[in-house]
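In what follows, a structure is listed as structure tokens, so that the remarks can point back to it.
The values are calculated or read from the model by the stated rules, or taken from the named source; none is laboratory data. This structure is a prediction, so every number in the text was calculated from the model and none was measured. With ideal geometry, Cβ positions are generated from the backbone for all residues, glycine too; neighbour counts draw on all protein chains shown. For accessibility, only protein heavy atoms count, side chains too; no ligands or nucleic acids. Shrake-Rupley method; radii C 1.70, N 1.55, O 1.52, S 1.80 Å.
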Amino acid sequence: MHNKKGLKPINDVARHRIDELRKEAGMTQDVYGREVLHCSQGTASQKLSGQLALSAVDIWRTALVFNVSTDYLYGLTDIRTRDMAPV
């Protein structure tokens with residue numbers, strides 16, 4: 001599903017990037033669901049496949065665990081690392 005400009009919906013980009021990070025870390029869907037999303041493997045699978053939407057909290061928790069920015073997960077940048085400058 002694409003919008004008028006041919007861009008993928010943000011949740012599609014996030015799902016793809018999350019699954020990529022999860023696999024690179026050797027993390028199963030079960031572990032990702034339990035330890036990151038605080039849900040079952042089945043629910044995590046549904047979120048990663050697009051059957052259920054990822055919430056903003058899901059994105060935030062994922063960014064913290066994988067030390068990436070939410071902008072990276074949403075596809076707003078290709079730079080993975082977060083800027084850890086003090087606020």
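For the stretch 24-53, a tally of residues being open to solvent by 70 Å² or more (accessible area, probe 1.4 Å) and over 17 Å from Asp12 (Cα atoms) returns 6.
Tell me whether the stretch 54-69 contains one or more residues that are open to solvent by 50 Å² or more (accessible area, probe 1.4 Å), of a type in the set (Val, Ile, Thr), part of a helix (DSSP H, G or I) and out of contact with any helix residue (DSSP H, G or I) (no Cβ under 8 Å at 6 or more places or on another chain). Yes, the stretch 54-69 contains a residue that is open to solvent by 50 Å² or more (accessible area, probe 1.4 Å), of a type in the set (Val, Ile, Thr), part of a helix (DSSP H, G or I) and out of contact with any helix residue (DSSP H, G or I) (no Cβ under 8 Å at 6 or more places or on another chain). Just to be sure I understand, how many residues within the stretch 70-83 are touching a helix residue (DSSP H, G or I) at 6+ places or on another chain (Cβ under 6 Å), open to solvent by 60 Å² or more (accessible area, probe 1.4 Å) and not in a helix (DSSP H, G or I)? Here the count works out to 1.
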